[in-house]
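The values are calculated or read from the model by the stated rules, or taken from the named source; none is laboratory data. These numbers come from a predicted model, not from an experiment. Methodologically, a virtual Cβ is constructed for each residue, glycine included, from the backbone with ideal geometry; neighbour enumeration extends over all protein chains shown. Accessible surface areas use protein heavy atoms only, side chains included; no ligands, DNA or RNA. Shrake-Rupley method; radii C 1.70, N 1.55, O 1.52, S 1.80 Å.
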Amino acid sequence: MEFSIKNGNPEKQRSDCLIVGVFEGRKLTDAAKNLDVASNKAISAVLKNGDMEGKLNSTLVLHQVAGIVAARVLLVGLGKQAEFGERHYRQAVRAAIKALPKGVASASIFLTELPIKKSDIHSKVAQLVEVAMDATYQVNAIKAKKAEPKTLNKIAIYVAKPENTQAEAGIKLGLAISSGVCLAKDLGNLPPNICTPTYLGEQAEKLAKQYGFKVEVLDKAEIEKLGMGSFLGVAQGSKQPPRLIVLQHQKGNKKQKPAVLVGKGITFDTGGISIKPGADMDEMKYDMCGAASVLGTFKSIGEMDLPMNVVGIIPTCENMPDAGAIKPGDILTSMSGQTIEVLNTDAEGRLILCDALTYAERFEPSAVVDIATLTGACVIALGHHPSGLFSNKDALAKELLEAGEVSHDRAWHMPLWEDYQQQLDSNFADMANIGGRAGGSITAACFLSRYTKKYDWAHLDIAGTAWKSGKEKGGTGRPVPLLTTFLVRRAAKAK
Ligand code: BES
Ligand code: MN
Ligand code: ZN
């Protein structure tokens, strides 16, 4: 998709389709008013006929409107004017893009003129780009007959001339974030027989080449040398060899301590010997979405050439049942030296993350954020809207919450109280890998907290947000927008 910034009145624009907004109560926006005047009241006549009220998400396409150069006009409902905010703006953009008729190759959008509290043209344009890219994403389906490419390939965003520079910067930011989101979606959507640990390692190497990151992909022997007994315990039930991927973006001051992102990369989670029920098990191909979000975020910051030091660590393997697989009752020794009684082999995410979190210590991080499709319990607690956020440092939690709000990729702060820790007690090892049904997402975070005492740390449980089920099954690319925004804001502060 090609985005451009343009100035001028809508009625004069040569375009396959003009997009203008209408508030509830058939109230025309300025751009819609211009069209109304140029067309000798054709727009208000259509509204008067009752074809459109202006309800949020509603759309109406008009063809060959007299007095207007463009071939079509798409009216998009904006809802109540008094309530209009960023959320409505994003929804209206999405509805409009989705409602464009098939033949439209170029669209011209007149929606950034709408005033939104606490927003500016830079953010409005960036969000428009992100939403448009999200709405037009196409899965690389593996079918005998290739899907036809979408005809829509150009979007012109109309702004007032003095806003041009800010708007251009908005396109850049929006495209950088979208490219990371798109990569995270693509990786998540791949079938697990293609997206293996080896494949993820190759993708990391490809990214590194493209953007100049430093990259290391450690194999099983090297992981053994590090003493990652917990990670290797999970990997031992699979024919696919594990990988530990380490990416480094070194564009900050040499002395600047890096932010470290750690992503769970289980390329398929059967549950292992504590095997999962069959229904919907295919969705466990998405159990590497934490890893995908780290790779996606690296793509975004690579695109932006973000002036900051960032490290990405991805432990990746399959969780399979096999004669060699770990069993309930097995005790593993983690890289930290702490021992773990495996009471359920399906609580494998924490087992691979704990060693990666210990490994993170060597970078003397300013902060470590891990991202994981960690618990079904998180989905029960929060549903599919926010990611669960846990942290040993309130200031870091606040930074991430704000980044989530700003990027519309929200998280919700969950407790990490000492009171929950005893649920992990084991008679036979330093800790058990599960803490019972109560507060399952919290005890999972408690488990990780035992490996992150040496630095500021936050954990994002993305089990409910990384992909959608049902008819619209597919990766969401979350939380790439949150993570990228978090890093962008940190880089700005460091300046
Ligand atoms: N990858 C799953 C978590 C998951 C399940 C995410 C369903 C999204 C949808 C994780 O490895 C897992 O299996 N967790 C268990 C933990 C339990 C055994 C303590 C769970 O949530 O059931
Ligand atoms: Mn599991
Ligand atoms: Zn899992």
In region 309-346, anything open to solvent by 10 Å² or more (accessible area, probe 1.4 Å) and more than 16 Å from ligand 1 (Cβ to nearest atom) is listed as Asn309, Asp322, Ala323, Gly324, Ile331, Thr333, Met335, Ser336, Gly337, Gln338, Thr339
>> Residue under question is Phe110, and the condition is that it be farther than 16 Å from Ala135 by Cβ and open to solvent by 20 Å² or more (accessible area, probe 1.4 Å); does it hold?
In response: no
Going through region 64-109 in order, the residues found to be charged (D, E, K, R) and at pLDDT 95 or above are Arg72, Lys80, Glu83, Glu86, Arg87, Arg90, Arg94, Lys98
Checked pairs for region 450-475, first over 17 Å from Leu396 (Cβ atoms), second surrounded by 14 or more Cβ atoms within 10 Å (Cβ to Cβ) and among the aromatic types (Phe, Trp, Tyr), C-beta under 9 Å and 6 or more apart or across chains, list as Ala466/Tyr286; Trp467/Tyr286; Lys473/Trp467; Gly474/Tyr137; Gly474/Trp467; Gly475/Tyr286; Gly475/Trp467
Flagged in region 279-303 as open to solvent by 10 Å² or more (accessible area, probe 1.4 Å) and more than 16 Å from ligand 1 (Cβ to nearest atom), in numbering order, are Lys299, Gly302, Glu303
Only one of (1) under 30 Å from Asp282 (Cβ atoms); (2) touching a Leu at 6+ places or on another chain (Cβ under 9 Å) does not apply to Lys214, and that is (1)
Among residues of region 236-269 being open to solvent by 10 Å² or more (accessible area, probe 1.4 Å) and under 15 Å from Cys317 (Cβ atoms), the residue nearest to the chain's Cα centre (by Cα) is Phe268
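Matching residues to (1) open to solvent by 60 Å² or more (accessible area, probe 1.4 Å); (2) in contact with a helix residue (DSSP H, G or I) (Cβ under 6 Å, 6 or more places away or on another chain); (3) acidic (Asp, Glu):
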{"site": "Pro10", "(1), (2), (3)": "no, yes, no"}
{"site": "Asp36", "(1), (2), (3)": "no, yes, yes"}
{"site": "Glu53", "(1), (2), (3)": "yes, no, yes"}
{"site": "Asn57", "(1), (2), (3)": "yes, yes, no"}
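Quick grid of which residues meet (1) under 20 Å from the mean Cα position of the chain (by Cα); (2) open to solvent by less than 30 Å² (accessible area, probe 1.4 Å); (3) β-branched (Val, Ile, Thr):
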site	(1), (2), (3)
Leu357	no, yes, no
Ala360	no, yes, no
Arg410	yes, no, no
Glu418	no, no, no
Cys446	no, yes, no
Lys454	no, no, no
Scanning region 37-58 residue by residue, those under 24 Å from Phe84 (Cβ atoms) and part of a loop (DSSP other than H, G, I, E, B) turn out to be Gly50, Asp51, Met52, Glu53, Gly54, Lys55, Leu56, Asn57, Ser58
The condition of being in a loop (DSSP other than H, G, I, E, B) and among the β-branched types (Val, Ile, Thr) holds, among Val65, Val61, only for Val65
* To do: Examine region 314-332 for a residue that is within 13 Å of ligand 2 (Cβ to nearest atom), acidic (Asp, Glu) and either on the phi > 0 side of the Ramachandran plot or out of contact with any Leu (no Cβ under 8 Å at 6 or more places or on another chain) (or both), and state whether such a residue exists.
  => yes
The one condition Lys102 fails out of (1) within 20 Å of the chain's Cα centre (by Cα); (2) of a type outside the set (A, V, I, L, M, F, W, C); (3) open to solvent by 30 Å² or more (accessible area, probe 1.4 Å) is (1)
Of (1) modelled with pLDDT of 95 or more; (2) away from ligand 2 (no atom under 16 Å from the Cβ); (3) among the basic types (Lys, Arg), Arg437 satisfies every one except (2)
Just one listed residue, out of Arg437, Arg478, is surrounded by fewer than 24 Cβ atoms within 10 Å (Cβ to Cβ), among the basic types (Lys, Arg) and in contact (Cβ under 8 Å) with a residue 40 or more places away in the chain, and it is Arg437
Within the bounds of region 183-198, is there any residue that is open to solvent by less than 30 Å² (accessible area, probe 1.4 Å), in contact (Cβ under 8 Å) with a residue 40 or more places away in the chain and acidic (Asp, Glu)? no
Listed by range, strands (runs of 3 or more DSSP E) wholly within region 275-392 having at least 3 residues that are touching a residue at least 24 places away in the same chain (Cβ under 8 Å) and within 16 Å of ligand 3 (Cβ to nearest atom) are 309-319, 367-372
